[in-house]
Amino acid sequence: MLSREERNPLSEWWWTVDRPLLGAIIALMLSGIILSLAASPPVATRIGLDPFHFFNHHVMFLLPSLIVLLGVSFLSPRQIRRSALIVFAISVALILATLLIGPEVKGSRRWITLIGLNIQASESAKPAFVVLAAWLFSESARRPEMPATSMALALLLTLVSLLVMEPDFGQTMLILMVWGALFFIAGMRMIWVLGLAGAASAGLFTAYLLVPHVAGRIKRFMNPASGDTFQVDTAMEAFSNGGWFGLGPGEGIAKRSLPDSHTDFVFAVAAEEFGIILCLALLSLFAFIVIRALSRAYRNEDMFSRFAASGLAIMFGVQAAINMSVNLQLIPAKGMTLPFISYGGSSIVSLAYGVGMMLALTRLRPSTEVESIEGAVRGFA
């Protein structure tokens, strides 16, 4: 047992970290192991791999993810800002390399192979971007003479331009929504928020007119008879087949034909085999994590920590909401993973980095430490 009287990094971390929030995140990770075992074997078998290929890789990526999550949660806000700057710079460099030499898959360049690993650099760019944008917004509120809002806008345009060039419109929309939420939380005028929403809508309409892939997905969503809707239709059948309590582990039918049952549509597999009850439990876990993080962030006296923790929580929740909404055919299909549940090495490690920062920023800190943090903000670089 760790005593409150002990003065070492581990004891201080244990008594200041939000343990219910940490427990909910670990529960999601454990749920991901179970659902990966349920959803991935048929996919691996169809493409000629060992039945447990994706499951073994999922578990293998969880170990470094857990190390990243716990390690980052020990960092101070100042260390988090600096790590985010480094991670963002590396991610942007990798995205540029991907655009130049990455393989083209289904008309997109999103992955690059390094030391035998397929890396999607846009995943690691997201949490780092949120932290940097939060820092700029906090500086704008603290020092109005600093052009921090313009710098945050430039940061947004840089990342969005790279994502559109891949193209990856799902990640682009996620980044825009989180940045807009941070912009609103930072107390910016409503006219600016509405103007940015209008600009985003105009960008989406332009993509609909100029990008056949985007237009096809929107048309199929509005009129299913206009194209192939096999995956979303099969996902809806899975929810119907599962009912409240599911068909039982391993008894699902949808995963035998769904190409992305272990990634984009793992939520549908969960519904068919374990029932709507499990889906509601997963939804409750996601909601608890987001609401808990937002409430802790709201009580934080440090403006940067408040903005950054809120942005990371919103990004986590919106990503989960997008994936579940696609499974339920509430929005057009997007290639978005369900946090810690879907298969994907880059996604799991990057999510661990993001929630690790969220845990670090929501730790209880003495008022003297908060004052020292605020005094050190100007020494960011």
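Per residue, how large is the accessible surface of the chain? Use a 1.4 angstrom probe and give square angstrom.
Each residue of the chain exposes 46 Å² on average to a 1.4 Å probe.
Tell me which trypsin sites (Lys or Arg not before Pro) from the range 266-305 have a DSSP coil assignment and no more than 14 other beta carbons within 10 Å of their own. Let's see the in-between values first.
Values: sites: Arg292, Arg296, Arg299; in loops: Arg299.
Here the sparse-neighbourhood loop sites are Arg299.
Near Ala128, within a Cβ-to-Cβ distance under 13 Å, what is the net charge of the other residues, with Lys and Arg +1 and Asp and Glu -1? Before the final figure, lay out the partial values.
Values: positive: Arg81, Arg82, Lys126; negative: Glu123.
Taking every Cβ under 13 Å from that of Ala128, the sum is +2.
Taking the Cα centre as origin and putting +1 on Lys and Arg beta-carbons and -1 on Asp and Glu beta-carbons, what dipole magnitude results for the chain, to the nearest 20 debye?
Numbers: 27 positive and 24 negative charges, 126 e Å.
Around 600 debye, computed over the chain.
Based on a Kirkwood Rh over C-alpha pairs, give the Stokes-Einstein translational diffusion coefficient of the range 196-261 at 20 °C and viscosity 1.002 mPa s in µm²/s.
On the way: Rh = 14.3 Å.
Translational diffusion coefficient: 150 µm²/s.
Treating the angle as unsigned and between 0 and 90°, give the value, to the nearest 10°, between the Cα long axis of helix 77-101 and the longest Cα principal axis of the chain.
40
What angle do you read, to the nearest 10 degrees and between 0 and 90, between the alpha-carbon axis of helix 266-298 and the longest principal axis of the chain?
Rounded to the nearest ten degrees, it is 10.
Hey, can you grab everything whose amide H is under 5 Å from the amide H of Asn118? Only 5+ residues off in sequence or another chain; H modelled, so Pro and N-termini drop out.
HN-HN under 5 Å from Asn118: empty list.
Explain nothing, just compute: Karplus ³J(HN,Hα) = 6.51 cos²θ - 1.76 cosθ + 1.60, θ = phi - 60°, for every residue of the range 179-184 in order, whole Hz, x for Gly and Pro.
4, x, 5, 4, 4, 5
Expressed as a whole percent, how much of the Cα-Cα distance distribution for the chain exceeds 33 Å?
On the way: 22838 of 72390 pairs.
Of all Cα-Cα pairs in the chain, 32 percent lie more than 33 Å apart.
Springs between alpha-carbon pairs under 10 angstrom, Gaussian network model over the chain: which of Leu338, Leu194, Leu282 fluctuates most?
Among Leu338, Leu194, Leu282, the largest GNM mean-square fluctuation belongs to Leu194.
Tell me the relative contact order for the chain as a rounded percent, counting alpha carbon contacts under 8 Å between residues six or more apart. Intermediate results must be reported in sequence, preceding the final value.
Values: 537 pairs, mean separation 101.6, N = 381.
Relative contact order here is 27 percent.
Where does the charge balance sit around Ile253 when Lys and Arg score +1, Asp and Glu -1, over other residues with C-beta under 10 Å from its C-beta?
Working: positive: Lys255, Arg256; negative: Glu237, Glu251, Glu272, Glu273.
Result for the neighbourhood of Ile253: -2.
Under 16 Å from a point 7 Å along the Cα-to-Cβ line of Met146: which residues of the range 79-98 have their amide N that close?
Only 79-85 pass the distance filter.
Rounded to the nearest 20 debye, what is the charge dipole size of the range 234-320 about its Cα centre when +1 sits on each Lys and Arg Cβ and -1 on each Asp and Glu Cβ? Don't jump to the answer; show the numbers that get you there.
Working: 6 positive and 8 negative charges, 73 e Å.
Charge dipole of the range 234-320: 340 debye, to the nearest 20.
Test of understanding: what is the full-extension gain from Leu70 to Arg19, defined as 0.36 nm times their sequence separation minus their Cα-Cα distance?
Result: 17.2 nm gained on full extension.
With the dipole of the chain worked out from charges on the C-beta (+1 for Lys and Arg, -1 for Asp and Glu) around the Cα centre, which of Phe340, Ala313, Ala271 lies farthest toward the positive end?
The residue sitting most towards the positive pole is Ala313.
Mind listing the phi-derived Karplus ³J(HN,Hα) values for the range 31-38, rounded to whole Hz, using 6.51, -1.76 and 1.60 with θ = phi - 60°, and x for any glycine or proline?
So the Karplus estimates, Gly and Pro as x, are 4, x, 4, 5, 6, 5, 5, 7 Hz.
If you count, for each residue, the other Cβ atoms within 10 Å and average over each peptide, how do 136-146, 314-324 line up from highest to lowest?
Values: 136-146: 16.6, 314-324: 21.9.
Top to bottom by mean Cβ count within 10 Å: 314-324, 136-146.
Report Rg (one decimal) and Dmax (nearest whole number) for the range 8-105, counting Cα atoms only, units Å.
Values for the range 8-105 (Cα only, Rg and Dmax): 18.2, 51 Å.
Rounded, prolate or oblate: which fits the range 47-94, taking a ≥ b ≥ c as square roots of the Cα gyration tensor eigenvalues, rounded meaning a/c under 1.5, else prolate when a/b beats b/c? It would help to have the intermediate numbers written out before the result.
On the way: a/c = 7.61, a/b = 1.95, b/c = 3.90.
Here the range 47-94 falls in the oblate category.
Under 1.5 on a/c is rounded, so check that first for the range 72-161, then, if it is not, pick prolate when a/b is larger than b/c and oblate when it is not; a ≥ b ≥ c are the square roots of the alpha carbon gyration tensor eigenvalues.
On the way: a/c = 3.57, a/b = 1.75, b/c = 2.04.
Oblate shape, in that a/c is at least 1.5 and b/c is the bigger or equal ratio.
Once you've got the GNM for the chain with C-alpha springs shorter than 10 Å, pick whichever of Phe184, Phe54, Phe307 has the biggest mean-square fluctuation.
With Cα springs under 10 Å in the chain, the top fluctuation among Phe184, Phe54, Phe307 is at Phe184.
If Lys and Arg each add +1 and Asp and Glu each add -1, what is the summed charge of the other residues whose beta carbon sits under 9 Å from the beta carbon of Pro42? Walk me through the numbers on the way to the answer.
Working: positive: Arg46, Lys255, Arg256; negative: none.
Value of the local net charge: +3.
For the chain, with a Gaussian network of springs between Cα atoms less than 10 Å apart, report the residue from Ala235, Ala207, Ala152 with the top mean-square fluctuation.
Ala207
The values are calculated or read from the model by the stated rules, or taken from the named source; none is laboratory data. This one's a predicted model, so the numbers in the text were calculated from it and none came from an experiment. Cβ sites come from the backbone with ideal geometry, for glycine too, and all protein chains shown count toward neighbours. When the accessible area is computed, the model is the full protein with side chains, heavy atoms only, and any ligands, DNA or RNA have been set aside. Shrake-Rupley method; radii C 1.70, N 1.55, O 1.52, S 1.80 Å.
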